[in-house]
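Single-structure report; data block below.
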Amino acid sequence: MNYYKIAGITFALSGFEYEYFKDRMKAYEISGAPTPDVTVYYEQVLFPIQKPDYKHIVTTGGFREYFSDGGGYIFYDKFENDSQSCAKVEINADASVVHTALYDIEDIGGAPVDVRCFNMLGEVFRYCILKRNGMVVHSSSICHNGAGIIFSAPSGTGKSTHTSLWMKYYGDNTQMINDDCPAITFGKSVPYVNGTPWSGKTNINFNISAPLRAVVLLQQKPENKIQRISVDEAIFRLLHEVTRPAYKDLMNQTLGNIEKIVTSTPVYLLGCTIDKEAVDLVRRII
């Protein structure tokens with residue numbers, strides 16, 4: 001097995017032997033873990049995966065089918081309109097043991113199996129961290145002068161562009177944490193923002209963590225303006241930047257985590273242009 005530690009969670013992985021996978025995970029690799037928090041088993045199957053005889057919960061996006069065996073978290077993916085499944089993830093009730101499998105669909109237009117394998121573990125990670133009092137927030141995150149800031153917004157708004165300006169003008173005091181999917185964990189008094197291997201198309205991520213000083217929600221505007229928003233508005237807006245689980249207990253955990261973030265950390269709405277002035281405005285306020 002290979003061992004990794006991500007946002008404080010130790011993973012023992014069996015069957016994940018792709019070079020692409022190992023390269024994307026190398027910054028989080030550790031020498032071993034006598035008692036890992038999560039053990040994940042993976043196999044590549046040579047035939048389409050049969051759907052389980054479990055209770056069907058819901059189908060989302062037209063391709064992902066969620067099931068329940070009475071305690072665990074189970075989902076299967078279909079390829080486009082194919083009735084057969086090409087991926088499975090079965091997670092036990094406390095998210096300590098996970099069984100995964102992929103059917104290779106590259107020859108019929110799907111992504112390469114090594115890329116899918118890496119992305120699938122990212123999906124598993126979202127469940128595992130939720131069960132351990134944390135969550136993933138869709139955002140670009142930095143550490144500036146020892147404090148973490150996450151910039152969150154829908155895709156295409158300019159999160160990466162904004163954080164790149166911080167690196168350009170204040171790189172001596174700033175380090176990127178993760179450009180797309182940082183993990184938030186909760187210390188004794190404040191949340192922490194943590195790097196993860198999953199960082200979107202840019203592959204910009206570092207295995208570091210920092211106490212979370214602020215959450216900044218971005219909007220493209222013709223002029224720069226920032227304002228702190230209420231707890232209720234912050235919850236509403238952040239709920240659109242996290243994965244909303246199909247399972248009631250995990251959805252409740254998600255809502256609870258968002259509430260902990262916004263009640264312990266100031267949340268700002270930033271209307272901004274693509275220039276240094278927007279960065280300087282945020283620095284002055286926070």
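Here is a list: Leu239, Leu212, Leu218. Which entry is surrounded by fewer than 18 Cβ atoms within 10 Å (Cβ to Cβ) and aliphatic (A, V, I, L, M)? Result of the check over Leu239, Leu212, Leu218: Leu239.
I'd like the full set of residues that are closer than 19 Å to Gly122 by Cα and either in a strand (DSSP E or B) or outside the structural domain of Ile261 (by TED's automatic domain parsing) (or both), limited to the range 139-149.
Looking only at the range 139-149, we keep the residues that are closer than 19 Å to Gly122 by Cα, and these are 139-141.
Selection gives Ser140, Ser141.
Sub-9 Å Cβ pairs linking a first residue in the range 259-275 that is under 22 Å from Met167 (Cα atoms) to a second residue that is hydroxyl-bearing (Ser, Thr, Tyr), at least 6 apart or interchain, are Val267/Ser230; Ile274/Thr161, ordered by first then second residue. For Asp53, state whether it is modelled with pLDDT under 95, part of a helix (DSSP H, G or I) and more than 24 Å from the chain's Cα centre (by Cα). It is false that Asp53 is modelled with pLDDT under 95, part of a helix (DSSP H, G or I) and more than 24 Å from the chain's Cα centre (by Cα). In the range 15-30, the residue that is farthest from Ile74 (Cα to Cα) out of those that are in contact (Cβ under 8 Å) with a residue 40 or more places away in the chain and surrounded by 14 or more Cβ atoms within 10 Å (Cβ to Cβ) is Ala27.
Which residues, taken from the range 47-67, are surrounded by 15 or more Cβ atoms within 10 Å (Cβ to Cβ) and among the hydroxyl-bearing types (Ser, Thr, Tyr)? Hits for the range 47-67 are Tyr54, Tyr66. Taken across the range 114-131, residues that are among the charged types (D, E, K, R), at pLDDT 95 or above and part of a loop (DSSP other than H, G, I, E, B) do occur, with at least one present. Scan the range 155-182 for residues that are modelled with pLDDT of 95 or more and touching a Phe, Trp or Tyr at 6+ places or on another chain (Cβ under 8 Å) and the total you get is 9.
Output the residue which, of all residues in the range 79-109 that are touching a residue at least 40 places away in the same chain (Cβ under 8 Å) and in a strand (DSSP E or B), is surrounded by the fewest Cβ atoms within 10 Å (Cβ to Cβ). Don't jump to the end; show me each part of the working.
Pass one, the range 79-109, residues touching a residue at least 40 places away in the same chain (Cβ under 8 Å): 95-104.
Still in the list and also in a strand (DSSP E or B): 97-103.
Details: Val97: 14, Val98: 24, His99: 17, Thr100: 22, Ala101: 19, Leu102: 22, Tyr103: 20.
Checked the range 79-109; the qualifying residue surrounded by the fewest Cβ atoms within 10 Å (Cβ to Cβ) is Val97.
Considering the range 31-44 alone, what residues qualify as being modelled with pLDDT of 95 or more and either touching a helix residue (DSSP H, G or I) at 6+ places or on another chain (Cβ under 9 Å) or surrounded by 14 or more Cβ atoms within 10 Å (Cβ to Cβ) (or both)? Can you show your working first?
Residues of the range 31-44 that are modelled with pLDDT of 95 or more, as a first pass: 36-44.
If the condition is that a residue be modelled with pLDDT of 95 or more and either touching a helix residue (DSSP H, G or I) at 6+ places or on another chain (Cβ under 9 Å) or surrounded by 14 or more Cβ atoms within 10 Å (Cβ to Cβ) (or both), then Pro36, Asp37, Val38, Thr39, Val40, Tyr41, Tyr42, Gln44 are the ones that fit.
Residue count for the range 1-14 satisfying the condition of being buried (at least 16 other Cβ atoms within 10 Å of the Cβ) and out of contact with any Ser or Thr (no Cβ under 7 Å at 6 or more places or on another chain): 6.
The values are calculated or read from the model by the stated rules, or taken from the named source; none is laboratory data. None of the values given here were measured: they were computed from a predicted structure. Here Cβ is always computed from backbone atoms with ideal geometry, including for glycine, and neighbour counts include all displayed protein chains.
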